[in-house]
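Heads up: the structure comes next, in structure tokens.
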Amino acid sequence: MFFILSKALLFLISPFFWIVVGTIVLFRSKSMKRRRRLSIALVVSFIFFSNTAIFLEFMRIWEVPGIKIEKTEPHEVGVILGGMFEYDSQLDRLSIRRGGDRLFQAFSLYKQGQIKQFLISGDNGFVSSRSLHEAKQTKEVLIKWGVPDSLITTEERSKNTHENAKNTAEILKNKKFTKNVLLITSGIHMRRAKACFDKEGIQTTPFSTDLYTGKKRGYHWDQLFVPNPYNFILWNELLKEIVGYVTYDVVGYI
């Protein structure tokens, strides 16, 4: 129920949704004073949420920084959280998303000897399956890439981050891996993910992937001055993580 409700209410935190609501109210309002105030608020909101530099500054505060592979200490197991793929049922294959950098970096870590084996956690994060069974299908990809079956463990039940941590913790504890664990997920997602694993008694080292920001600032002129509608989608992702973290804290998941 919590999973379905959280998905259904995500639109309520969308800046684009509230700009649309404000626009409808603007055109239906008969008060000139209210229309003027709403017009100003809508213009300011659009400029704020479409500006790339502003978004990246807020993301910089939230995102867990990355680390170079060669500076990563060797770990017994790399835990890769789902959220990397969609499934193309017509072509019968996985289709990579931005989060697919998690698998790319994990494979690089393995090839360079920084992790000895993989634990892939998560079925899919959709209300319906959409033919995606991420842990199982990702394992098949790794085997095709030459990773031995014996070095890949899957957790195939989870549908959200809390379940990722809870179900994966059971596997790690059974394997006696409670400390030497590298947690591999997106930088935007790492704060909530690590907190969930901490709650389950698993000490992890964060390895952030598909980062939006870095230590150095340096914006191009278009990032400073040209509105980018795509930033509304990015704000949705950031606000989803922030609200998700607060919600998890309230219900006791972290």
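The values are calculated or read from the model by the stated rules, or taken from the named source; none is laboratory data. Source: prediction; values computed, not measured. Here the Cβ positions follow ideal geometry from the backbone for every residue, glycine too, while neighbour counts run over all protein chains shown.
Brief remarks follow.
- Here SER131 meets each of (1) within 19 Å of the chain's Cα centre (by Cα); (2) small (Gly, Ala, Ser); (3) more than 24 Å from PRO74 (Cβ to Cβ) with one exception, condition (1).
- For region 189-204, residues that are of a type in the set (A, V, I, L, M) and crowded, with 24+ Cβ neighbours inside 10 Å total 2.
- For region 105-115, the criterion of a residue being out of contact with any Lys or Arg (no Cβ under 7 Å at 6 or more places or on another chain) and farther than 23 Å from SER208 by Cβ is satisfied by no position.
- When the residues of region 205-226 are filtered to those that are charged (D, E, K, R) and surrounded by fewer than 18 Cβ atoms within 10 Å (Cβ to Cβ), the one that is farthest from GLU73 (Cα to Cα) is ASP222.
- Going through (1) loosely packed, with under 12 Cβ neighbours inside 10 Å; (2) under 30 Å from LYS116 (Cα atoms) one by one, TYR87 falls short only on (1).
- Scanning region 65-83 for residues that are among the hydrophobic types (A, V, I, L, M, F, W, C) and buried (at least 18 other Cβ atoms within 10 Å of the Cβ) gives VAL77, VAL79, ILE80, LEU81.
Yes or no, residue by residue, for (1) of a type outside the set (A, V, I, L, M, F, W, C); (2) in a helix (DSSP H, G or I):
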position	(1), (2)
LYS159	yes, no
ASN167	yes, yes
SER208	yes, no
ARG217	yes, no
LEU238	no, yes
TYR245	yes, yes
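- Pairs meeting the criteria (first residue in region 51-75 and touching a residue at least 40 places away in the same chain (Cβ under 8 Å), second residue aromatic (Phe, Trp, Tyr) and assigned to a strand (DSSP E or B), beta carbons under 7 Å, at least 6 apart or on different chains) are ILE67/PHE207; THR72/PHE207.
- SER158 being at pLDDT below 95 and either over 13 Å from GLY78 (Cα atoms) or under 11 Å from the mean Cα position of the chain (by Cα) (or both): yes
- Qualifying residue in region 228-238 (condition: of a type in the set (Val, Ile, Thr) and touching a residue at least 24 places away in the same chain (Cβ under 8 Å)): no
- Each residue in region 170-180 was checked for being touching a helix residue (DSSP H, G or I) at 6+ places or on another chain (Cβ under 7 Å) and either crowded, with 16+ Cβ neighbours inside 10 Å or in a helix (DSSP H, G or I) (or both), and 0 pass.
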